[in-house]
Amino acid sequence: MPDEQMAKTSPRTPARPLDEIDRSILHMLQTDGRASIRSVAERVHVSRANAYARINRLIDDGVIRGFGARIDQERAGQGASAYITLKIVQNSWRTVREKLRVLPGAAHIALVSGDFDVLLLVHTRDNRALRELVLTRIQAIEEVLSTRTLLVFEEQDLKEGVDG
């Protein structure tokens, strides 16, 4: 299910306050997104019905945006990863975001403050494919003023579960 469909409320609608049980459920699901309702309920000491209702409320409120698998990019044939910083034309964020999100290998896009405007994480087959992506696709976007590519030598997901 796409993330946009999971969050049924508007991004401007504030989520209901979270209590310790909600935070425990979120931590557990970040560690193991496949945890059963029964195991969640047991770990946070609530009934299965309560755990189910809380998870659904977190989804409805847009706190939980989706569930997915953590991929070892190198083992999946994506041996080159890079963070690409972009300086863009002022007020072109939405246009640039839509052009970047459809790029092959685009994994994460953020509008940031500082010396550059956008931070983009990409995964490609190899450095040649990365070069092509940067030079022929990203730098061809009219609103992109400049780019800088930072190769990723090694990465570690800080929210990995016990078997990750």
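The values are calculated or read from the model by the stated rules, or taken from the named source; none is laboratory data. Note that the structure is a prediction, hence the values are computed from the model and not measured. Heads up, the Cβs are rebuilt from the backbone with ideal geometry, glycines too, and the neighbour counts pull from every protein chain shown. In case anyone asks, the SASA skips ligands and DNA or RNA and just uses the protein heavy atoms, side chains included. Shrake-Rupley method; radii C 1.70, N 1.55, O 1.52, S 1.80 Å.
Here GLN78 qualifies as at pLDDT below 95 and crowded, with 17+ Cβ neighbours inside 10 Å. For segment 96-139, the set of residues classified as without any contact (Cβ under 8 Å) to a residue 40 or more places away in the chain, among the charged types (D, E, K, R) and over 21 Å from PHE153 (Cβ atoms) consists of ARG97, GLU98, ARG101, ASP115, ASP117, ARG137, listed by residue number. Which of the residues belonging to segment 81-90 are open to solvent by 50 Å² or more (accessible area, probe 1.4 Å) and within 16 Å of the chain's Cα centre (by Cα)? Within segment 81-90, just TYR83 meets the criteria.
Restricting attention to segment 91-118 and to residues that are in contact with a Lys or Arg (Cβ under 9 Å, 6 or more places away or on another chain) and of a type in the set (Asp, Glu), the residue that is least open to solvent (accessible area, probe 1.4 Å) turns out to be ASP117.
The single condition among (1) closer than 13 Å to PHE67 by Cβ; (2) at pLDDT 95 or above; (3) not charged (D, E, K, R) that ASN50 does not meet is (1).
Filtered by the rule that a residue be closer than 30 Å to GLY105 by Cα, among the basic types (Lys, Arg) and either surrounded by 17 or more Cβ atoms within 10 Å (Cβ to Cβ) or without any contact (Cβ under 8 Å) to a residue 40 or more places away in the chain (or both), segment 21-75 gives ARG34, ARG75.
Out of all the residues in segment 16-35, which are within 16 Å of ASP157 (Cα to Cα) and either charged (D, E, K, R) or modelled with pLDDT of 90 or more (or both)? Answer for segment 16-35, where residues must be within 16 Å of ASP157 (Cα to Cα) and either charged (D, E, K, R) or modelled with pLDDT of 90 or more (or both): HIS27, MET28, LEU29, ASP32.
Within segment 119-142, restricting attention to residues that are assigned to a loop (DSSP other than H, G, I, E, B) and out of contact with any strand residue (DSSP E or B) (no Cβ under 9 Å at 6 or more places or on another chain), which residue is least open to solvent (accessible area, probe 1.4 Å)? Going through the qualifying residues, I end up with ALA140.
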